[in-house]
1. So, residue 318, is that one surrounded by fewer than 24 Cβ atoms within 10 Å (Cβ to Cβ) and either at positive phi or part of a helix (DSSP H, G or I) (or both) or not?
2. Within the stretch 292-299, is there a residue that is away from the ligand (no atom under 15 Å from the Cβ) and closer than 26 Å to residue 317 by Cα?
3. I want to confirm something. Restricting to the stretch 208-238 and keeping residues that are more than 19 Å from the chain's Cα centre (by Cα) and surrounded by fewer than 24 Cβ atoms within 10 Å (Cβ to Cβ), which single residue is nearest to the ligand (Cβ to nearest atom)?
4. Tell me, please, whether a residue that is within 12 Å of the ligand (Cβ to nearest atom), more than 13 Å from residue 103 (Cα to Cα) and part of a helix (DSSP H, G or I) can be found in the stretch 326-344.
5. Given the conditions (1) closer than 27 Å to residue 264 by Cβ; (2) modelled with pLDDT of 95 or more; (3) within 16 Å of the ligand (Cβ to nearest atom), report the number of the one that residue 116 does not fulfil.
6. Taking into account only those residues within the stretch 257-282 that are surrounded by fewer than 21 Cβ atoms within 10 Å (Cβ to Cβ) and within 14 Å of the ligand (Cβ to nearest atom), which is farthest from residue 202 (Cα to Cα)?
7. Find the helices (runs of 4 or more DSSP H) located wholly in the stretch 216-302 whose residues include 2 or more that are closer than 17 Å to residue 30 by Cα, and list them.
Ligand code: TRP
């Protein structure tokens, strides 16, 4: 065991940093727009299925890999098995893909924070205006990039300050605050005229809308939202203490993450139906819908500023976790100082993020497979790269890794009940790989031959 690495404080800290990574734009920006595009209620049910059947086992597997090795993602897999080092490398390329578009949306959050603080939010009076103002901002060649760069630099600064100080503190008291603001917004949204229609859309499953794509998107969203499939939770778990209870940590993360996503849906969909926005509007959905809610509230400047500030912080605890994967890998594997390593990572993601930002605006016409670079990064990471990482992880941990390691980690060397270990082990061996493969094949249309 390396002794010069930081560790995180008590049980609460492990939950908070892991939940800080999981809860972010994935829950509040991505979840509603993906659920909206995939039919609402039925998607929610399939999504919860994915969280339980795929998310929980893979999360526990990643925790075990990280804490048993105390290494960066690549080093962790390599020290367990040379052959499976590639899972670690997947976890190294993927953060560039995720951060490429994640930083852009984080930048949008900052813009909306400024718009809120300066009172311009009052100009967002109708869905059409909101959409027009959103487009006007995103097609601007430099403004979104400027905000994105600011966000990248804030992330960089926290990373350089170190694991313990930077990450732990910020997560501790702002997350509960975000929760409270979301509840208040949900109450406001649900009581808007016709808000009930939105709740029906979100909670009443309409299985006639389910397609192969629904499963793919639900699976992708589950991986994305839980920060699994790319070495993020492996890296964080490498800082956990030996007595951290991985079972309760994983369960708490999953419950908190799901709660925030469901709350976000309860904020967005009633308002969507109340003011007449298309639930299928895509990545702009949340940014177009939220101002309509704020504008029905007294103290709208206060509410919208608080909301976008907290959303920005939630995004920050997620970008930190992704940046950390890169920084700790570069510094440990390339034997570089942490500061220098952080700059290398920052340089790489900056290039990706600038390209993604331009692809939403001035370079909208440049598409790859019919998608803008931004959309490509978004769906490539969630629907392909992360699930493949999860697939490899479940095969490796389920079948090839020394079984004692998984048992010792999940039960804290026999101190905790072994029920969850047993279930996880079976899930990793049989359920996760089969389910993931089935969803991929279903989407390739292979099952059409069986019809
Ligand atoms: N889960 C975060 C969110 O929902 C984003 C994120 C952080 C992530 N780390 C990750 C996604 C690792 C995939 C993999 O906003």
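The values are calculated or read from the model by the stated rules, or taken from the named source; none is laboratory data. This is a predicted model, so every value here is computed, not measured. Counting neighbours? That spans all protein chains shown, and the Cβs are built from the backbone with ideal geometry, glycine included.
1. no
2. The answer is yes, given that some residue of the stretch 292-299 is away from the ligand (no atom under 15 Å from the Cβ) and closer than 26 Å to residue 317 by Cα.
3. 213
4. yes
5. Failed condition: (3).
6. Taking the candidates together, the pick is 259.
7. 246-275, 285-294
The rows are residues; the columns are (1) in contact with a helix residue (DSSP H, G or I) (Cβ under 8 Å, 6 or more places away or on another chain); (2) away from the ligand (no atom under 16 Å from the Cβ).
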residue	(1), (2)
351	no, yes
358	yes, yes
364	yes, yes
374	yes, no
383	yes, no
